[in-house]
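Okay, structure first, notes after.
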Amino acid sequence: MAAAQKPASFSRRDLLRGVAAAAVGTVVGTADYGYVYARHRVGLTRETLRVSGLSPELDGLRIGFLSDLHRSDTVSHELASSAVNRLMAEQPDIIMLGGDYVTWGGGRKRRFVRDAAEDLAPLTAPHGIFAILGNHDDDRDMTAALSANGVTVLRDARTRLQVRGVALDIAGIRFWTRKAGDIARVVRGAVPDLILLAHTPSRLTEAAALAIPLVLSGHTHGGQIVLPGVGAIAAREFPVVQGIGRQEATSIFVSRGVGTVYIPVRLNCPPEVALLTLESFTRLA
Ligand SMILES: [Fe+2]
């Protein structure tokens, strides 16, 4: 449990706090806006994702994607429910969850593990709900809580569905699984229609090397604080900070997530759930 409770990155935390302090010091009105308003309105992001080699039968498949709930003292049941309701209103064919359901899940914060799983319990989709864990999630407790609510948690694992008469593989890796060889073992034997859930978009490099057609990630929070003219200072290390990216034949979508971490502020970076419509595309590298 201890390892899973470690913060994602001290540099990100320090950067977020530093940027927030600067924002409060120089543009107080904007920072107040971020605290009281911007982080409380969950938007729906609709994207069409071109997926290299996607079977024509899967063209138009609609994936609901929710990541980085970060249920905590500062991320409420109401915010979580609004995200869930927003997604369910779209009636996606399949739902995927990108990890970091809590910020801290040990000690007296352990209740948030149960709370997060219960907040997500209303999610339902014809082809199921599939999840990975983030760096803030406890391997045992969060897996048990999600599984009890009908969610399939993929920890360095792969599962196969039959969708519209074709096989679709969904693979999920642990945050700490980083080597291409370890990821290769998870996807070995997969069918061509393969989706990889990886909490951090930093795995795009390995996914591209393995010619995995589609990756879904979170972790960045879109930077959480995006300063005009400066950008997402706390997320510059990632190959894609938010939205759609592509490397060789691999497409990726990176969610800004729902909650906040380290500081309860979002600036120019509203929370989101996503409805991703797959589109068959054969001209990628
Ligand atoms: Fe996160």
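None of the figures in this text is laboratory data; all of them are computed from the coordinates on show. Please read these numbers as outputs of a predicted model, since none were measured by experiment. Here the Cβ positions follow ideal geometry from the backbone for every residue, glycine too, while neighbour counts run over all protein chains shown.
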FRET efficiency for Thr48 and Arg108, using Cβ-Cβ distance with R0 set to 35 Å, rounded to 0.05: 0.20
In Å, the Kirkwood hydrodynamic radius from C-alpha pairs for the chain sits at 18.7
Quick one: 3J(HN,Hα) in Hz for the stretch 175-181, Karplus 6.51/-1.76/1.60 with θ = phi - 60°, rounded, Gly and Pro as x. 4, 7, 8, 10, 6, 4, x
Across the stretch 242-250, in residue order, what do the Karplus-derived ³J(HN,Hα) couplings come to in whole Hz, using 6.51 cos²θ - 1.76 cosθ + 1.60 with θ = phi - 60° and x for Gly and Pro? 7, x, 8, x, 8, 9, 6, 8, 9
Please list, ordered by chain and number, the residues whose modelled amide H lies under 5 Å from the amide H of Ala131; skip anything fewer than 5 residues away on the same chain. Leu97, Thr152, Val153, Leu154
Given contacts defined as C-alpha pairs under 8 Å and at least six residues apart, what's the relative contact order of the chain, whole-number percent? 29
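Given DSSP loops and a limit of at most 13 other Cβ atoms within 10 Å, what is the longest stretch of the chain that contains no such trypsin sites (Lys or Arg not before Pro)? It would help to have the intermediate numbers written out before the result.
On the way: sites that count: Arg41, Lys179, Arg188, Arg236, Arg283.
The longest such stretch corresponds to 42-178.
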So which residue, out of Gly99, Gly43, Gly257, gets the largest mean-square fluctuation from a GNM of the chain using Cα contacts under 10 Å as springs? Gly43
Rounded to whole Å, give me the distance from the Cα center of the stretch 241-285 to that of the stretch 57-83. 13
Exposed chymotrypsin sites (Phe, Trp or Tyr not before Pro) absent - longest run of the chain, DSSP non-H/G/I/E/B, at most 16 other C-beta within 10 Å: 38-175
Rounded to 10°, Cα long-axis angle of helix 111-120 versus longest principal axis of the chain: 50
Output for the stretch 175-285 (equivalent-ellipsoid semi-axes, sqrt of 5λ from the C-alpha gyration tensor, Å, descending) is 27, 15, 12
Inter-probe distance in nm under a simple model that places probes 7 Å from Cα toward Cβ, at Glu279 and Asp139: 4.0
A correct Karplus calculation of ³J(HN,Hα) over the stretch 266-271, with 6.51 cos²θ - 1.76 cosθ + 1.60, θ = phi - 60°, whole Hz and x for Gly and Pro, returns 10, 10, 6, 7, x, x
